[in-house]
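Input: a single structure, listed below in structure tokens.
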Amino acid sequence: MTVVVALAANLGIALAKLAAAIVTGSSAMLAESFHAMADTGNEVLLLVAQRQSERPADDAHPLGHGRAAYFWALIAALGVFVTGALLSIRQGLHELLHPGELTSFGVAYVVLAISLTLESVSLRRAYRQLRGEATDLRRGFTEHVRLTSDPITRAVFAEDAAAVAGNLIAGAGIALRQLIGSPIPDAVAALLIGVILGYVALELARRNGDFLIGQRAPAPIEADVRKTILGQRGVTAVTELMVTFLGPRRLRVLAHVDIDDGLSGAEVKSLIREIEDALCGSSPFIDRVDVVPDGRRRGPGNSDGDRNLQSGS
């Protein structure tokens, strides 16, 4: 729903800003229209990311399609945002070298004011969603924006924050041009908008790349998983533990555990099932558990530790 609201808002904003740029001749306004177009294209790709990541596991993708969200979000960051950044910077440089006339200042201010209002509403919605998630996970807000495994909400929040900043910069550039009569503030505003877009693109691409490669879960999550495993009677140690993201809010746990040598093979099988049940019961985000017993040659082997569960998130 967050993406749909942002998509609808940005499509209307992009058309309004493009019309205002044509009427006024402002480079900052044209850069903002590129910005809004980039946001619109980004939301389309984020909707694709959301749909693709929800596809169930199949024979070719036994771990599911969760990481498709990061792939499409990466494409959106690099393909759409970088294009918007380059077009904005080009427009700013063109204005510096070949300044043009700027008229109808009132039209520009009205469009920017409406855009700022709509972008602020979308930003507030994304902020409230992230803040609620941060509270549930006992994290600070900025920490959660950096660590969240959901690339869609993070992208919407980042683009809306950049859009609000872009509106303010464009408004300042146009106002200064009207005040002093020089095209330089308008051109500099377009350049700054391009730089902001480029920064957002690179940051989103970096975070999506981390998750696409195989981001490890934060240390507090691993600590909770380790504590749950060690809390099972018959487990003497956790020799290796990896908790990685299979997709947004989807975790895979791979654990090598030392088992009490006094347990029989049937008891080891039962213990592994108890570990799986305990882990899946401890968090709705744990989607797959693989438990491998170490320190003994008998027991169920790897296959008994494999289980793919439907995520409750």
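The values are calculated or read from the model by the stated rules, or taken from the named source; none is laboratory data. These numbers come from a predicted model, not from an experiment. Virtual Cβ from ideal backbone geometry, glycine too; neighbours counted across all protein chains shown.
Against the conditions (1) surrounded by 15 or more Cβ atoms within 10 Å (Cβ to Cβ); (2) without any contact (Cβ under 8 Å) to a residue 40 or more places away in the chain, where does H98 fall short? Just the number, please.
(1)
Look through A49, A21 and report the one residue that is of a type in the set (A, V, I, L, M) and either buried (at least 24 other Cβ atoms within 10 Å of the Cβ) or over 16 Å from L87 (Cα atoms) (or both). Full working, then the answer.
Values: A21 fails: either buried (at least 24 other Cβ atoms within 10 Å of the Cβ) or over 16 Å from L87 (Cα atoms) (or both).
Exactly one residue qualifies, and that residue is A49.
Would you check if there is a residue in the stretch 149-169 being of a type in the set (A, V, I, L, M, F, W, C), under 21 Å from R249 (Cβ atoms) and without any contact (Cβ under 8 Å) to a residue 24 or more places away in the chain?
no
Can you tell me which residue is surrounded by the fewest Cβ atoms within 10 Å (Cβ to Cβ) among those in the stretch 54-76 that are modelled with pLDDT of 85 or more and assigned to a helix (DSSP H, G or I)?
Checked the stretch 54-76; the qualifying residue surrounded by the fewest Cβ atoms within 10 Å (Cβ to Cβ) is I75.
Which one is farthest from the chain's Cα centre (by Cα), of the residues in the stretch 153-167 that are farther than 16 Å from L202 by Cβ and buried (at least 24 other Cβ atoms within 10 Å of the Cβ)?
N167
Criterion first (part of a helix (DSSP H, G or I) and either in contact (Cβ under 8 Å) with a residue 12 or more places away in the chain or outside the structural domain of R288 (by TED's automatic domain parsing) (or both)) does L18 satisfy it?
yes
Which is among the small types (G, A, S), surrounded by 15 or more Cβ atoms within 10 Å (Cβ to Cβ), at pLDDT 90 or above and outside any loop (DSSP other than H, G, I, E, B), of G41, G92, G84?
Checking each option against the conditions leaves just G92.
Can we say G41 is within 29 Å of L168 (Cα to Cα) and either touching a His at 6+ places or on another chain (Cβ under 9 Å) or not aliphatic (A, V, I, L, M) (or both)?
So G41 passes the test.
From S115, S104, grab the single residue that is hydroxyl-bearing (S, T, Y), buried (at least 22 other Cβ atoms within 10 Å of the Cβ) and under 22 Å from V188 (Cα atoms).
That would be S115, the only listed residue that is hydroxyl-bearing (S, T, Y), buried (at least 22 other Cβ atoms within 10 Å of the Cβ) and under 22 Å from V188 (Cα atoms).
Please indicate, with yes or no, whether at least one residue in the stretch 130-142 is charged (D, E, K, R) and loosely packed, with under 13 Cβ neighbours inside 10 Å.
There is at least one residue in the stretch 130-142 that is charged (D, E, K, R) and loosely packed, with under 13 Cβ neighbours inside 10 Å.
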